[in-house]
Each structure stands twice: as C-alpha cells, then as structure tokens.
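Participant: Please read through the structure below; I'll follow up with questions.
The values are calculated or read from the model by the stated rules, or taken from the named source; none is laboratory data. Bear in mind that the values here come from a model prediction, so they are computed numbers and not experimental data. Positions of Cβ are generated from backbone atoms using ideal geometry, with glycine treated the same way; all protein chains shown enter the neighbour counts. When the accessible area is computed, the model is the full protein with side chains, heavy atoms only, and any ligands, DNA or RNA have been set aside. Shrake-Rupley method; radii C 1.70, N 1.55, O 1.52, S 1.80 Å.
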Amino acid sequence: MTPFEYAHPRSEAEAVELMNEPGTSTAVLAGGTDLIRLLRRDLVTPQRVVNIKDIPSMQGIKPVDGGVMIGALTTLEDLAASPLMSEYHSLHHVLDGIRAIQIQSSGTVAGDLCHLPNCWYFRNGYGLLGMENGESLVETGDNRYHAIFGNRGPAKFVSASRFAPGMIAGQARVRVVGPKPDAEEWLPLEYFYITPKTNAQGVTVLKPGQLITHVWLPGTDTAQGKVQSSTYEVLQLEGLDWPLASAAVSMVVQSGVVQDARIVLGHVAPVPWISHEASRTIIGRRVTEETAAAAGEAAVASATPLSNNGYKVQLARTCVKRALLRAAGQETGGL
Amino acid sequence: MAELNVGWKPRKENEYLGKEIPRVEGNEKASGHAKFANDINTKGTLYAKLLTCKHAHARIKSIDLDAAKKVKGVKGVFDFRKFLDDPKAFEIHYDGTIIAAVVAERPEQAEDGVKAIKVEYEVLDHFVDEQDLKGATEKKRTGEVGNAKKGDVEAALKDAKHVHKGYYGIHTITHMCLEPHGSHCEWKGEDLKVHLSTQNVSGTAGQFAGSPLIGIDQANVEIVCNYIGGGFGSKFAADQWGICAAVMAKELGAPVRLMLDRATELKIAGNRPSGFGNITVACDAEGRITAWDSEHWGSGGFTDVDKPGKTIDINQFPYVFDFENRNRKATGINTNCGPERAWRAPPHPQLCALTCTALDDLAAKAGMDSLEFYRKNIDQLATKAANPDIYRAEFDIAAKLLDWKGKWHPRGEGGKGAVKKGVGLAIHRWGGAAHAATCLVKVHPDGTVESFAGSQDIGTGTRTCIGLVLAETFGIPPSMVKVNIGTNKYPQSGPSGGSTTIGGVSGPNRRAGIEALGKIFDLVAEKYSVKADTLSAGKGKIWSGGKEVCSWKDAAKLIGPTALEVQGKGPVKDGLTSLEVGGVQMVEVAVDTETGKVRIEKFVAVQDCGLIVDLLTAKSQVYGSLIMGIAYSLSEERIMDNKTGRFINADLENYKLPRIGDIGELIVEMYQPDSEYERGVIGLGEPPVIAPGAAISNAVANAIGVRVPVLPLTPQRVLDSLAKAKG
C-alpha cells in the first residue's frame, strides 16, 4: 500500500472540494470492500483517500417522486431490510446471493455500482485492459471468466456490479456531483457505464472529482400494471463468490401477455449488457418455459465467446430464461 | 516388579478410550488465546516482507537491494541468492520465487522497502500447462519415469467381454494453510529460539543449526510449535525463509518474524501435483476385471534443470487393486510451476481419482451397478495387508446409509428436468503405521501425571489422545493428566505426516504408563500386603480381585518425594499399534445440466482405523477430509496462465474454496467391530480425503450420463462435457 492522505468530509460539498484539489489524485472510500483490496495491491495509488461514510445526505432510503431515493452509502444490509424496497424483487434476488456477512454489512449500493472488474489480469497488475507489451493477455491467456459480448475492442473484462443489471432493467437514474462545487447531474444508469479503450478511461463516465450520491428507482406501479422483476445469477459457490453470469428482467404483464420488458445481462460484457433481442422476443407473448427459452436463445445469438469461455454462452442463455420465469412467478428449475 | 500386560484393556473395561471426548485445547483455540507463530510478538520484534519474482522463468539482469535500505524503518535486507554456491547462477524457475527479504520495524515499512528495490529481468521461455503432454514433449520437458508390464494385456483385451478406454485427470491444488508458512526467530547469545509453524518439531532444529548461513550446535536451537494453522504435509522443513529469519535476527540483534504472504504461500510453499491419464480397462461377462493398461502424466512443478519432472507414483497404479494383466507407464513433466510437497495422503487422491473413475466407466459399459461391480472384484487387491472382508462390510454399511439400492440407476436416468441426480462410490487404502518416537511420563506423588514429547498437534487431537491413553492406563480422569508437546527440548518424537502420529504417540505413552503402573503396584503390594499381579487401576482407585485396595492418590504417595519417571519408546511389535486401513465412500449429487453446477446432497464415509482413542476427534478427521475432498472435487484448483506463466488465482477470491453451504449432508460412520479394536491403533488423518474425487465424479457421471473427465468439476467442465457429448 502506498501512503496517502486521509480526508473525512461531513457533507457532499466538502467531499467534492476535497476531491478536486489541483494536483492531488483521490479515491473515494465508502464500504471499502473493493478499495482496500485495490490499495493493498497498489492497483490504485491515490494521494488522498476521501472517506465519505459520514455524509448524512447520502444515507438512507426515502420515497421520492413515486419511486425510491437510495443514498449511495446505503449498506446492502439496510437495503435488504427496508420495507420501501419490498417490491423490488430483482434487487432482493441479488441480495440473497451475497452471502458474505462482511460485504452485507459494509458494502454499499454505490460501491457495488462502481466496483472495478475482478479480471485476474487487472488484479495482478496488468492494467484494466490486461495488456503486456501492447498485447492483450486476455485474448490468448486464461479467459474463462471474461466477456462473451462487447469484447471486440481491447476491453475483455466483465462488469463486476451485481445490482446494475436489475437497476438498469428497472430504469434507475443516478445523481452525480462534482467536479465543480455546484455541479449536479442526473443520468440513466444505463449510460453510466463505458467500455474503455485505454487503461486510464475507467469503467464508468465518472471523471476525477465526481461521485455518485444517490440512486433513484421508479415505482413499481405503472399505468400498464405492476412491474414484475427478477435477477438470476449463476454462482459456483454458496459463499463469497462472483457470479459467472446473471440476467435481470423488469417487465409489465397484462392479461398474461408481456407488454414491456427490459432484460439486462451481468458479468458477460465490459458493461451491463442490455439485450433488446431478448426483450423483443418476449414482448407480446406469455412467459412460458418455451418463450423464456426462446428469449434466452435470442439473447446469446450475437455472443462472441473467447478461446476458453464458450460455456458462458450457455450460462447467459439459462440466466435469461430463468430470470423471465422467476419474474413471471414461475418455477425456474435448476439448483 | 509386577509384570503387566502392555496391551490395551478389554474393550468393555475402557472408561475413556473410544468415547467422544472434546479436544483439550478447544477453548484456547476458539477464544483466541492459543498463540500461533504469527502471534509471537516479543519486545523489539522486526517484520520481514518478501520481494518475489512475477515471471515464470527469468534471470536477474540487475538489482539494487540498497534502495530498500534507504527506506524509513528498514533495518536490513537479505539476498536469497546467498543460498547458492554461485549467486550469479541464480535463475528463476517459477512465479513467486523469492529474491530478497526486507526487514523493518513495521510490516508496512518492510513493504515500502520491497517496493523500493528495482529489478531488471531477462525473461525466458516458460511452460506451465501440465495437461498438455504433446506440448511438453515438443518443448523437451518430459521424461519417462516408469514403465512396467505384467501378464499379457493384449491377449486379455482380445478375450474381454467389455473394454473401456477413457481419459481422466485431476488438477494441481495447493495446501492453502490458513496460517501461512513462517516463523519468529529470536537469539539470546548463541541460543536460537524459533517459533515455527511446523509439523516436525523434533526434526527441524538440525536444519537451522546446520545451515551454512547459521552454523551453530543443534543443542543451541529450540523449536516451539504449540499450535499450527494447517500444514497438510507442507510444513516439515525449516525452509529458506525460516533460515532467512534466523540469519536476519542474528544480524540485526532483534527478533524477526517472517510469515509468507498469501500469494507467496500458494505459489511456492507446496502443492499437490496433477495427474492425467489414458486408461484402458477390461472385464469378462461376469464383470471380473481382467486387464489394465494406463499411461499417465503430470507434474510436480519445477524439479531441476534437465530433469524429466515428476508425476504421481507409478507403483500404486491401478489404485487399491491390481490385476493379472497390467501395463503401466508414466511420464513426468518439468514445468515452470512451484514445486510439489506432500499433500494429505500423497499421491492417493490422484491415484484414486484416475482409477476409481475408469473402473466405474467400465461397470457402466458392462451394464452393471457400480457397487456390484466393486463387490465382484474386491478380492483383487494390490496389498496383501488389505482385507477384502473389511471392504465388504463397509460396502454394506455405506449402501444402507445412502440407500444405494433405492438411489442407484443406470447412467443418465437421473430424472426429468434440468436437475439430474446420481450416486457414486469409491474406495481407498492407507498404511498409517506408527512412527518412531519416544516420550517421558512422570507420575507425581500427588497423583497427577505428565507426559513430555517433542511431538506436535496439527489439529488432529494428538494432545487430547495422549492424555486419554494415560488417563485410561492409570484409571484417572483426563483432567489429572498434563500433556506437554510442541518443543524439541522434550524427548524426540516423529514428524506428523503419513497418519503416523496417533500410533507414534499412543504406543510409547501406553508402554511408559504401564511400566510406571507396575512400579506403583509393587509399592502398593508391599504397603497393603496384596499380590502385585492381582492389582488393577480404574475409577481413581487401585483394585485387587474386584476389591478396593486404596485410592490412586494414596498409591501415588508411595512413590516418595519426587516424581516417578519412565521413558516410553516406539514402535514396538506388541500389538498396541498396527497398519493398513480401507474405507468406502458413497455420495449422492444433484447436477444442474443448464448451468453445470454440482451440489452435494448426501455424502457417506465409512472408515476403519483399528482402535479409536477419541471417537470425537477421529470423526472430526473424517468430516474435515470430506470437506477438503469436496473442495478439490468441485471448485479448488491452481490455475496457471499459459500466457504469463503465472499462478493467476493465487488469492482467496479466485482460488475457490467451498463454504458451509456447499458441503451438503455428511454422514461419518466409524467402522468399529471388536475385530478393529483388536488391531490396535492405526493412523486416520489422511485416508478419508482420498476417495471424494472419484466418488463425486462417479455420482456426476451417474446423474448426467456423461463422464466429466477432469477434476475439479466446475460448471465450465460440466457444461463442456455435456456439449461434447451432444456433439
């Protein structure tokens, strides 16, 4: 770990100020479940660590504009316990799969959304893109956990966020502040993620000196009916583990027929992967084992697996099928 | 002197042996009071951190170690090239090779010192793919390490009713000791005290004393290890990093603690080598195996320049069994991977994983129930010491506990829907004879008893079991026995490897105890005018012909003012200990054919081990083995990246260990008829970890109708095998 200065702001304005001192690189500390790992391996070497944990405005969950406003610092434990979240099934499905008590109690919502890739080349010091001497190590190295979509460019890692697929499917928006003292921006979460072309570009649109303060989720009651949502993750282990693949569904069903559906896959591409093909396949149909399987098939039709991760295509196909069945309240089958 | 029978009491007379008794140090461990090497923090202790190489194969072009010395708090730097006669010949042969250690007042300062060292490497060609025999051959990394023929395999194959050819494999895993290798070294004048995380308390002092970098009398070295957080066969040596800590402690005039970091622990401190093989096996119309032909390969990591490399021992192939017609050939691969060390029952888990899977496939090909197939062949055992009747009895018990008859089905008939269920079995064997050891038993005039031995408790219950042996011998409660182990200053004892410790410590303590008891009986006989040869000890009293003579405490008083001391030795062929255990395991799994995920439903282990000293710690050994077995069967694996040559998952996130939710229902049944009791004590720690790989693989094959040939059975391998079978 490289020595750094420690700052402990008590307001968003103070945090933004501390993060924008010219010539000083900063990192944000919230739950710390990822940052501490990165710092210990010198994968990030900020001159200043800004601990935002004690900023009151970024805590808690409130009803706002027919939906819920989730403070960026809300822990996974608090998210799970909040009665305001009871209808957001897709997020609960993710929470059920996060079995490490430490992550439940320390991990925060925004920390998950900003979690850097778990790619082992990145974590072993070869940069975000996993390059050495200008060559992609992922391309011909061990890519069993890497991307099967959106991997034609230099980025072949998979997005690490567990909640992003469900939140994007649910049309979440995030509030970003900084780098200027009064700068504030709301943007759809689906535009938050980027596929970098260089190591320096990062995995989100956040520029140095910016941070997420809140996530807003629309309500689950719409003019067309109640939003039914789900996430299906394939986890190899029952304990602390990253999903091999996941899919989230947010849909509205009237008289048994799907009126609208958003389907987003996780851990299969450098960004949460929105599958319009899968949505198109299921809209206008009833959710059955066959139609859900067809949506799964459509979702993976354009997959481009690497040399050693063809099995993830099957996982993605299954995740979409089972997420749809789960959202429709049907048996998913499987373990 | 009263001549007492040294043998164990008739079974029904035992007060403590064979009962479920909690381990004596349980509270200390659970409450954090137990001090491990990593907890030793004497005044002025300095901390060492290691500079390791990230290349799989390289030479050092330039290095500036002095840069570290300029960092605040850094006290000294140790150059690992010192271990070579010619430091210029230093070559890195695997990822994680230690280059230097930096010692500082604080761990983080030592880390800063490591970072300050600039090294320029000349990177050389590497080879790390242990499964790739063809590639290894092309790169001249292979060598034949065994080739033996028996009978006429060709003719037997021609005559056989069923012939099966298959490919099988098992990947390398590491020891993953939760307490890494390391030590705390402190000098007082010429005396060196080492708190060492070791399985070999009595055998490591000489390695420190005799190192050319230390060179002191062995009598000046004290090794201490009261507790150890896992060794599994990897902690028998002082190791270069241990010598380094001792040298730096001397040089800097302060204690030094050096524990390997997690990545280095996984990369260089030991692993269980891989094994892959093409196997042909055949049987007649009745299912009687008539021929075996195998060619296997694997790697024990880097061996030496121009050496062929190691693989699992050919001499025990096929495993447990041997057949009239049998060919076997082995090829070792020299890879740029960390070198192997003994891993719990070496190399039986690999032998079993390759043998019992091939036999199961042959049974399926012959259309037979695997259990019936095993029953039919159980007399074809390789070792004369093995008893087929024990296996037969264990088959029956295991089958009943799992409901084999109700659950077994022909391959691929595992049910409708995505999830299929299946059952599998495998068997194993192990020696487990007592190692050479001594002890000193003291009976104090107040009736309390002490035992001293330079042994160690590696978590198996050694301390508890010594106490129970003496409590049973003297007929006193275990609370009156104090067991002293964990330093080489006590009488010489053996290393804890090969499941030799329980026999190694129980024999000498029983012998010494009986000798002491005989002397006390003489004193009692004289004092109470009874015949010494009529006396017995039990329930805190001395008895003659069923009548109480005196209390144990009154008897002990007769010793006089100082303790009665007796030395115990072993092994002795007096029936207290013996060797050779079997064991049968059966497992039921559920497999999600759409995700490749395997879940353990129920796992039954039936294990024999002769006389059981403590039933609770014995069972605990089996439970631990099954958990370790499930780990290497389903998720645990060292992943070497061909591209970089690095051990790419050397951390606790991607090196996937199961948690409690992955384990399923475990049923441990100790096979203990009187005939087992009469065999005496036999080691148990290793055998139950052998069969899980094959048993689980067989259950998966039974469930999905397809063999997933290589362990661990990850979702990727299961899905790839299903896809391949589909075509």
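Participant: For residues that are away from chain A (no Cβ under 14 Å) and surrounded by fewer than 24 Cβ atoms within 10 Å (Cβ to Cβ), scanning just the range B:707-727, find the one that is modelled with the lowest pLDDT.
Facilitator: Checked the range B:707-727; the qualifying residue modelled with the lowest pLDDT is B:GLY727.
Participant: Can you list residue pairs whose Cβ atoms sit under 9 Å apart, with the first residue in the range B:435-451 being at negative phi and the second being assigned to a loop (DSSP other than H, G, I, E, B) and acidic (Asp, Glu)? Count only pairs 6 or more apart in sequence or on different chains.
Facilitator: Nothing qualifies.
Participant: With B:GLY685, B:GLY645 as the choices, which residue is touching a residue at least 24 places away in the same chain (Cβ under 8 Å), more than 23 Å from the chain's Cα centre (by Cα) and crowded, with 22+ Cβ neighbours inside 10 Å?
Facilitator: Answer to the selection: B:GLY645.
Participant: Right, another one. Evaluate the following for B:ASP95: is it free of Cβ contacts under 8 Å to residues at least 12 places away in the same chain, part of a loop (DSSP other than H, G, I, E, B) and either assigned by TED's automatic domain parsing to the domain that holds B:LYS188 or farther than 30 Å from B:ASP457 by Cα (or both)?
Facilitator: no
Participant: In the range A:45-140, which helices (runs of 4 or more DSSP H) lie fully inside it and hold 1 or more residues that are touching a Lys or Arg at 6+ places or on another chain (Cβ under 6 Å)?
Facilitator: A:89-97, A:109-113, A:137-140
Participant: Out of B:LYS61, B:LYS72, B:LYS134, B:LYS118, which single residue is exposed (fewer than 15 other Cβ atoms within 10 Å of the Cβ) and within 14 Å of chain A (Cβ to nearest Cβ)?
Facilitator: Criteria check complete, one pass: B:LYS72.
Participant: Please determine whether any residue of the range A:217-231 is of a type outside the set (D, E, K, R), under 30 Å from A:THR304 (Cβ atoms) and within 14 Å of another protein chain (Cβ to nearest Cβ).
Facilitator: No, every residue in the range A:217-231 fails to be of a type outside the set (D, E, K, R), under 30 Å from A:THR304 (Cβ atoms) and within 14 Å of another protein chain (Cβ to nearest Cβ).
Participant: Search the range B:159-213 for residues being without any contact (Cβ under 8 Å) to a residue 60 or more places away in the chain and touching a Cys at 6+ places or on another chain (Cβ under 8 Å), and hand back the single one that is surrounded by the most Cβ atoms within 10 Å (Cβ to Cβ).
Facilitator: Per the stated criteria, the residue is B:VAL194.
Participant: When you scan the range B:270-302, how many residues do you find that are within 17 Å of B:ILE173 (Cα to Cα), in contact with a strand residue (DSSP E or B) (Cβ under 9 Å, 6 or more places away or on another chain) and either open to solvent by 10 Å² or more (accessible area, probe 1.4 Å) or of a type in the set (Ser, Thr, Tyr) (or both)?
Facilitator: Total satisfying the criteria: 4.
Participant: How about the range A:223-248: which of its residues are touching a residue at least 12 places away in the same chain (Cβ under 8 Å), in contact with a Pro (Cβ under 9 Å, 6 or more places away or on another chain) and not polar (S, T, N, Q)?
Facilitator: A:VAL227, A:GLU233, A:VAL234, A:LEU235, A:GLU238, A:GLY239, A:LEU244, A:ALA247, A:ALA248
Participant: For the structure I just gave you, tell me whether A:ILE61 is touching a residue at least 60 places away in the same chain (Cβ under 8 Å) and either of a type outside the set (Val, Ile, Thr) or out of contact with any Phe, Trp or Tyr (no Cβ under 8 Å at 6 or more places or on another chain) (or both).
Facilitator: The answer is no for A:ILE61.
Participant: So, in the range A:125-134, of the ones that are free of Cβ contacts under 8 Å to residues at least 12 places away in the same chain and more than 9 Å from every other protein chain (Cβ to nearest Cβ), which residue ends up farthest from B:GLY645 (Cα to Cα)?
Facilitator: A:GLY134
Participant: Let me ask another. Any residue at all in the range B:697-704 that's under 29 Å from B:GLU594 (Cα atoms), open to solvent by 10 Å² or more (accessible area, probe 1.4 Å) and in a loop (DSSP other than H, G, I, E, B)?
Facilitator: No, because not a single residue in the range B:697-704 is under 29 Å from B:GLU594 (Cα atoms), open to solvent by 10 Å² or more (accessible area, probe 1.4 Å) and in a loop (DSSP other than H, G, I, E, B).
Participant: What number of residues in the range A:291-305 are surrounded by fewer than 24 Cβ atoms within 10 Å (Cβ to Cβ), more than 22 Å from the chain's Cα centre (by Cα) and within 14 Å of chain B (Cβ to nearest Cβ)?
Facilitator: 2
Participant: Quick check on B:LYS400: is it within 14 Å of chain A (Cβ to nearest Cβ), basic (Lys, Arg) and not in a loop (DSSP other than H, G, I, E, B)?
Facilitator: For B:LYS400, the condition - within 14 Å of chain A (Cβ to nearest Cβ), basic (Lys, Arg) and not in a loop (DSSP other than H, G, I, E, B) - is not met.
Participant: Taking the range A:5-57 as the region of interest, how many residues are farther than 19 Å from A:LEU113 by Cα, within 14 Å of another protein chain (Cβ to nearest Cβ) and either surrounded by 19 or more Cβ atoms within 10 Å (Cβ to Cβ) or of a type in the set (Val, Ile, Thr) (or both)?
Facilitator: Number satisfying all stated conditions: 1.
Participant: Can you name every residue in the range B:549-596 that is within 14 Å of chain A (Cβ to nearest Cβ) and not in a strand (DSSP E or B)?
Facilitator: B:THR593, B:GLU594, B:THR595, B:GLY596
Participant: Then there is this: Tell me, please, whether a residue that is closer than 19 Å to B:GLY182 by Cα, among the acidic types (Asp, Glu), part of a strand (DSSP E or B) and in contact with a strand residue (DSSP E or B) (Cβ under 6 Å, 6 or more places away or on another chain) can be found in the range B:72-84.
Facilitator: Yes, there is a match, as at least one residue in the range B:72-84 is closer than 19 Å to B:GLY182 by Cα, among the acidic types (Asp, Glu), part of a strand (DSSP E or B) and in contact with a strand residue (DSSP E or B) (Cβ under 6 Å, 6 or more places away or on another chain).
Participant: Show the residue pairs that are 6+ apart or on different chains and have beta-carbon atoms under 6 Å apart, the first residue being within the range B:539-555 and in contact (Cβ under 8 Å) with a residue 40 or more places away in the chain, the second being outside any helix (DSSP H, G or I) and acidic (Asp, Glu).
Facilitator: Sorted first by the residue in the range B:539-555, then by its partner, the pairs are B:LYS541/B:GLU548.
Participant: Another question, then. Kindly indicate whether any position in the range A:183-196 is open to solvent by less than 20 Å² (accessible area, probe 1.4 Å), of a type in the set (Ser, Thr, Tyr) and more than 14 Å from every other protein chain (Cβ to nearest Cβ).
Facilitator: No: the range A:183-196 contains no residue that is open to solvent by less than 20 Å² (accessible area, probe 1.4 Å), of a type in the set (Ser, Thr, Tyr) and more than 14 Å from every other protein chain (Cβ to nearest Cβ).
Participant: Given the criterion of a type in the set (Lys, Arg), over 30 Å from B:THR357 (Cα atoms) and not in a loop (DSSP other than H, G, I, E, B), identify the matching residue among B:LYS307, B:LYS250.
Facilitator: Step by step, each of B:LYS307, B:LYS250 is checked, and only B:LYS250 is of a type in the set (Lys, Arg), over 30 Å from B:THR357 (Cα atoms) and not in a loop (DSSP other than H, G, I, E, B).
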